[in-house]
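To start, the structure under review is shown below, and the notes come after it.
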Amino acid sequence: MKYWLLTTEYPPFFGGGIAAYTELTARMLYNHGHYVRVFIYDKEAHGIQETISQGVLVTRFSQLTADSRHIMGFVANLSYSYADIIAQYINKEGPPDIIESQEYLGLPYFLLQRKWTLDPVMAQLRVIVTAHNPKFLLDPIDRAATYQLPDYWIGEMERFSLRAADAVISPSAFLKEALKTALPGLEVAVIANPYELPEEPSTTIPREPRLLYVGRLQYFKGVLDLLEQVAPLWDRGFKWPLDLVGKDTSFYLKNKTFAEEIHSRYASYIKQGLISIHPQIPPNELDRIYRRAGLVVIPSRFDNLPYVLLEAMSRECVVVATGTGGQQEVIVDKQSGFVCQPGELGESIEKASRQSIEASRSMGKKARERAAQWTQPDAIYRQKMALVQSHQEDPSPTIFPLIRPRSRPPVATSKSGLLSIVVPYYNLGSYIFDTLDSLMKVPPHIRKEIIVVDDGSTEGVSIAALRKAARTYPETTIYRTANQGLAQARNFGASKASGTFLAFLDADDTIDPPYYARAIQILQYYDNLSFIGCWAQYFGADRHIWPTWNPEPPYALFHNPLNTSALVYLRDHFLSYGQNDPEMEYGMEDYESMIRMMDHGCYGASIPEPYFHYRVRHASMSRAFNPANQQYLYRLIVQKNPSIYAEYAQDLLFLLNANGPQFLIDSPSVPPPAHRGR
C-alpha cells in the first residue's frame, strides 16, 4: 500500500507529540511492508529535499506556493502549499492509496477542499485525519483570543478538516467525546498512538525525591494549577522540589510568557530552589531525568493522550495525573499510577510521595506493563488497517461537509439542463466584449444561454455596443429596461432565464473557461449545495488574488467570504430564496442574498481556483463604499435576516469585539489591520 503522511513536525528537528506520532506511525507502516512517504514543510530545506530514514521516504519542502498576490496568512498558505505539493507528487508518481494528516492547524484543509470540489487530481483520494489536540478545543481552555483572526479561522479550518475526512482517528475516548461534542454527528475511531518502549536499564538508578513535569508551559497543561497546589505543601514543610521541563509559551491574559508569570508569582520558591525551569532538552538527557524522578506529574486541564505519559510509565515512573484527558484510560488508579481530579493534585502528590520505596517500585513495574499493553504495535497496526480497508471501497458521499449543518433542507430541484448566464449592464460598452468573449470560451458541452439586461444605459457608445453584441454573439439575448439598479436587473434576468443553472457575471468582468463546468458538476453531485463560487483574480487597476472560502455562519454573517457577484446557482433556489433586494441600493445586494439563502438551508462552496476575473475600476460601484454606507448596509442585512443573526448573536459579538468592524477585514486568514505587526 502506498501511504502518505502529512505533518508539521518530524524528527530530528522537532520533538513532541505530533513528531513522535508521525515517526512511529511511518516506521510501523514501513515495517509491515508499505511504501511510506512523509511530507513536511521545512524552511531550512533548499527547494524540495528527499531523504530516506529507516526505510521511510521523507520529503521536505521550503517553498510556500501562494505569493504576495494572495491575501492569505501563513497557516492557510501552509495548507495550500501542502495540497500543491501533493498534486505535484500525484502527477509524478500516481496517487497514494491513503493520505493521513494531522488535524492541527487545519493542515489538510485545502487538500480536502480540492477533493470535495471534485478537482480531477484529488477527487478520488482517501484522506484520514488523526486528531492530536485541535486548536479550536484548546484555545478556550488556554484563555487565548479565541475569536481573533486568524486564530478563529484556523479553528474553522480544523473543524472542516475533521468533517471532510474519510475517517477520523483519536488516540483516546476522552478526545473522541470532546470532538463529538464540538462537532455533533462526527464519527471518530479510537486507536491508540504507537509507541516503542525503551529498553530496561541494566542497573536500577536510585530515584530522587523530586517532582517532574514535562511538557509545554501552557495553561491547558495545568502548570499553574500544579504550582497553586504544591505551594501550600511547601509552606507546610514538603521538601520535594519541582522540575518544569519544556518549551515556554505565551501567557495571553498578561501579555507575557508563562516562565515570566511563574517567576513573578513564585519568585520566593524559585529562590529556595523548589522550582527549576528547564528548556527543551535532548532525548537522552530527558531519559536520565525520567529515571531519576520520584514522581512525574501530569496536571492537564485537557489532554488527548500525551506521549509524556507513555514515556514516564515505560520508564517505571510513578505518575500522578488528572483525569481530564486520555491518561485516565491508561493508568489503573492506585495500581499503575494515580488518577485524581484537578483540585486533588496536591493531596495525591503528597500521598504518592509517602509510598515506600518498595511500593513505588512495584507501581513503576506495573506502569511499564500497562504502557506495553496499551501500545502493542501489531494490535494498533491491525486496527488502523481495518479502518483503512473499511473506507477504501466506500461510495463517495453526496453530502458536502458543512461544519454546522442546519436542519432545513431546500426544496428538491432538477439537476440537468441549460445554464443561463445573466449579465447586468449599465453604460459598460468599453468592457462588454471582453465579458462576452470569455463566455464564448465556455466548453461546448455546457449548453448555455446568455441574457444581457441593459438597465437603461444612457451613453450612446454603450447602446451601440449592445447592438453590435447582438449581431456578433447569436447565443445572446438582450433585454432593455428602465434604470432600476443592479438588484432589479439581476432579478429581471433571472426571471427570463430558462436554465436549471443560473450564473451572474457583471458586464466588466470575465471568467476562465473551466469555471461553469466545475460548478455545475459540483451542484449535480451534492444534494445539499445550492450555489458555487471560486477565487477571484483582480485585473485592471489591481492584480491581487482574493482567496474565497465556504460560506458558513457565524463568520459568513460577520464578513462575506465568497465572491457573491459571480456565483453559479440552482436557479429554483435563487428564485425561491435569493433574489436581490432593491433596498440594498448602495451595494452588498449579492451578499444579503447569500445570507438569506443560508437562512433557508441553501449552502454553497468555493472552488480554490481563481476562475473569476474581477476588473478593478476606480469608478466601479464597490469603489464608492465608505464607512457610512457600509454601516448602513450591514444594519440592513441584519434587520432583513433576524433569525439567523439571533441564532449566532454571541459568536458575532465576540468576532466584532476581537476584530473590529467587518468592512476593515481583508480575509479571515490574516490579522485585521488593528492587530498587524503585533
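The values are calculated or read from the model by the stated rules, or taken from the named source; none is laboratory data. Here the structure is a predicted model, which means the values were calculated and not measured. Counting neighbours? That spans all protein chains shown, and the Cβs are built from the backbone with ideal geometry, glycine included.
The table below lists the values:
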| read-out | value |
| --- | --- |
| Residue in segment 370-398 that is farthest from LEU310 (Cα to Cα), counting only those that are of a type in the set (Ser, Thr, Tyr) and in a loop (DSSP other than H, G, I, E, B) | THR398 |
| Filtered residue count, segment 320-355, keeping only those that are in a loop (DSSP other than H, G, I, E, B) and closer than 18 Å to ASP225 by Cα | 4 |
| Residue check, ARG210 free of Cβ contacts under 8 Å to residues at least 60 places away in the same chain and of a type in the set (D, E, K, R) | no |
| Test: TYR252 is closer than 24 Å to GLY323 by Cβ and not assigned by TED's automatic domain parsing to the domain that holds GLN148 | no |
| Residues satisfying the stated conditions in segment 465-513, i.e. more than 22 Å from ASP590 (Cβ to Cβ) and part of a helix (DSSP H, G or I) | ALA465, LEU466, ARG467, LYS468, ALA469, ALA470, ARG471, THR472 |
| Residue within segment 363-379 that is of a type in the set (A, V, I, L, M) and in contact with a His (Cβ under 9 Å, 6 or more places away or on another chain) present | no |
| Selection count where residues are within 10 Å of PHE612 (Cβ to Cβ) and buried (at least 20 other Cβ atoms within 10 Å of the Cβ), scope segment 507-534 | 6 |
| Tally of residues being of a type outside the set (Phe, Trp, Tyr) and assigned to a loop (DSSP other than H, G, I, E, B) across segment 641-674 | 11 |
| Segment 268-286, subset of a type in the set (Gly, Ala, Ser) and outside any helix (DSSP H, G or I), residue nearest to PRO232 (Cα to Cα) | GLY273 |
| Filter pass, ASN483 being of a type in the set (S, T, N, Q) and buried (at least 22 other Cβ atoms within 10 Å of the Cβ) | no |
| Failed item, numbered, when LEU175 is tested on (1) surrounded by fewer than 21 Cβ atoms within 10 Å (Cβ to Cβ); (2) out of contact with any Lys or Arg (no Cβ under 9 Å at 6 or more places or on another chain) | (1) |
| Criterion (modelled with pLDDT under 95, under 32 Å from the mean Cα position of the chain (by Cα) and not assigned by TED's automatic domain parsing to the domain that holds ARG143) met by exactly one of PRO299, PRO283 | PRO283 |
| Lone unmet requirement of (1) in contact with a Lys or Arg (Cβ under 8 Å, 6 or more places away or on another chain); (2) crowded, with 21+ Cβ neighbours inside 10 Å; (3) aliphatic (A, V, I, L, M) for ALA541 | (2) |
| Test: residue in segment 265-286 that is closer than 21 Å to LYS135 by Cβ and aliphatic (A, V, I, L, M) | no |
| Residue in segment 583-599 that is crowded, with 21+ Cβ neighbours inside 10 Å and basic (Lys, Arg) present | no |
| The lone exception for CYS317 - which of (1) in a loop (DSSP other than H, G, I, E, B); (2) over 35 Å from the mean Cα position of the chain (by Cα); (3) at pLDDT below 95 it fails | (3) |
| Hey, PRO140 surrounded by 24 or more Cβ atoms within 10 Å (Cβ to Cβ) and within 18 Å of the chain's Cα centre (by Cα) or not | no |
| Criterion violated by PRO401 - all others in (1) surrounded by fewer than 19 Cβ atoms within 10 Å (Cβ to Cβ); (2) not in a strand (DSSP E or B) satisfied | (1) |
| Residues that are in contact with a helix residue (DSSP H, G or I) (Cβ under 7 Å, 6 or more places away or on another chain), surrounded by fewer than 21 Cβ atoms within 10 Å (Cβ to Cβ) and closer than 14 Å to LEU529 by Cβ, drawn from segment 544-577 | TYR577 |
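Conditions tested, residue by residue: (1) surrounded by 14 or more Cβ atoms within 10 Å (Cβ to Cβ); (2) touching a strand residue (DSSP E or B) at 6+ places or on another chain (Cβ under 9 Å); (3) under 30 Å from THR481 (Cα atoms).
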position	(1), (2), (3)
PRO410	yes, yes, no
LYS415	yes, yes, no
LEU418	yes, yes, yes
ILE421	yes, yes, yes
TYR426	yes, yes, yes
GLY429	yes, no, yes
ILE432	yes, yes, yes
LEU436	yes, yes, yes
PRO443	no, no, no
